[in-house]
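Asker: Here's a structure for you.
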Amino acid sequence: EMPLQLQSLFGVEHKQVLTLSGRQGHPSQNTSKPEDTKTLMLNGAGSFAATRLQASFYLQYLTLKGAEPLLECGDEVVGAVNRSGSGRAYLIGTLLDPGQGENQAFLASLLRSAGVDSDRAGKLLRRRRSLGSTAAWFLVNPTRENVEETLDVRGYRSAKDLLAGPLTIDSGSSQLRVKVGPADISCIILESA
């Protein structure tokens, strides 16, 4: 079941969950089986009508209660988008295998349509958090090589690597040079000027 608050947010009701990959679901949730779970494809709806994705692990059927369909499996809705406040809430009723290029392209397109851009510093993924005059930048290196990047830290007076200690900000250019190992994360703590 789906809590009422989530039903309201997503504009849907839970209908059924199917466990894929040849596994049996819980008897209270699984009343039928897809024909061939290895090739179970989902079709996009609305502005994503040209999309075809492969379902993975589970499939959640939804009943629309104000939302618009986002993904369908045959006649069943398995993904929805609902206007909520000044934004939109998306519910995708399956896990999207990150190894499938189509799935990644769909998610990137969905995020762009929602106005979400990735925050990158060259090859590094960056997540920023702040509290008062202190900021923490989490720099993620998703590659298999060392990555060195130069960061613009204008507006900050000091920087330190959470584990390695103080870093030097070039006072003339407000640039900070960082190096993050392969498949590693670095946390840079910055203090406002």
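Each value in this text was obtained by applying a stated rule to the coordinates, not by laboratory testing. What you see is a predicted model; the values in this text were computed from it and never measured. Note that each Cβ is placed from the backbone with ideal geometry, even for glycine, and that neighbours are counted across all protein chains shown.
Asker: Assuming R0 = 35 Å, can you tell me the calculated FRET efficiency for the pair Ser113 and Ile189, based on Cβ-Cβ distance, to the nearest 0.05? Don't jump to the answer; show the numbers that get you there.
Answerer: Working: r = 34 Å, r/R0 = 0.98.
E between Ser113 and Ile189, to the nearest 0.05, is 0.55.
Asker: Same structure again: Using amide H atoms built 1.01 Å from N in the peptide plane, name the residues 5+ places from Leu20, or on other chains, whose amide H lies under 5 Å from its own.
Answerer: Phe57, Tyr58, Leu59
Asker: Now a separate question. With unit charges on the beta carbon (Lys/Arg positive, Asp/Glu negative), name the residue among Ile169, Gly181, Leu151 whose Cα is farthest towards the positive pole of the charge dipole of the chain.
Answerer: Result: Ile169, furthest along the dipole toward the positive end.
Asker: Beta carbons within 10 angstrom, averaged per residue: use that to sort the peptides 161-172, 81-92, 61-72, highest first. Each step should come with its number before you reach the end.
Answerer: Values: 161-172: 11.4, 81-92: 15.6, 61-72: 19.3.
Going from most to least packed, we get 61-72, 81-92, 161-172.
Asker: Can you tell me, using C-alpha contacts under 8 Å and at least 6 residues apart, the relative contact order of segment 137-193 as a whole percent?
Answerer: Values: 115 pairs, mean separation 30.0, N = 57.
Rounded, it is 53 percent for segment 137-193.
Asker: Relative contact order for the chain: what percent, with Cα pairs under 8 Å and sequence separation of 6 or more? Don't jump to the answer; show the numbers that get you there.
Answerer: Values: 375 pairs, mean separation 28.3, N = 193.
Here the relative contact order equals 15 percent.
Asker: Only one of the values (i) 19.8; (ii) 17.5; (iii) 19.3 was calculated from this structure for Kirkwood radius over Cα pairs in Å; name its label.
Answerer: Matching the structure shown: (i).
Asker: Now, a different point. Using Cα positions and a limit of under 19 Å, work out the aspartates and glutamates in reach of Lys160, with same-chain residues fewer than 8 apart set aside.
Answerer: Leaving aside aspartates and glutamates fewer than 8 places away in the same chain, those within reach of Lys160 are Glu148, Glu149, Asp152, Asp170, Asp184, Glu191.
Asker: Distance between the C-alpha centers of segment 134-176 and segment 55-94? Whole Å please.
Answerer: The two parts, judged by their Cα centres, are 40 Å apart.
Asker: Given +1 on the Cβ of Lys and Arg, -1 on the Cβ of Asp and Glu, and no further charges, what dipole in debye does segment 97-175 carry about its Cα centre, rounded to the nearest 20? Don't jump to the answer; show the numbers that get you there.
Answerer: Details: 11 positive and 10 negative charges, 67 e Å.
Here segment 97-175 has a charge dipole of around 320 debye.
Asker: Could you give the length gained by full extension between Leu64 and Arg144, i.e. 0.36 nm per residue of separation minus their alpha carbon distance, to one decimal place? Intermediate results must be reported in sequence, preceding the final value.
Answerer: Details: separation 80, 0.36 × 80 = 28.80 nm, distance 4.31 nm.
Extra length from Leu64 to Arg144 when fully extended: 24.5 nm.
Asker: Answer with one residue from Pro69, Ala45, Gln104: the one whose Cα lies farthest towards the positive end of the charge dipole of the chain, charges on Cβ with Lys, Arg +1 and Asp, Glu -1.
Answerer: Gln104
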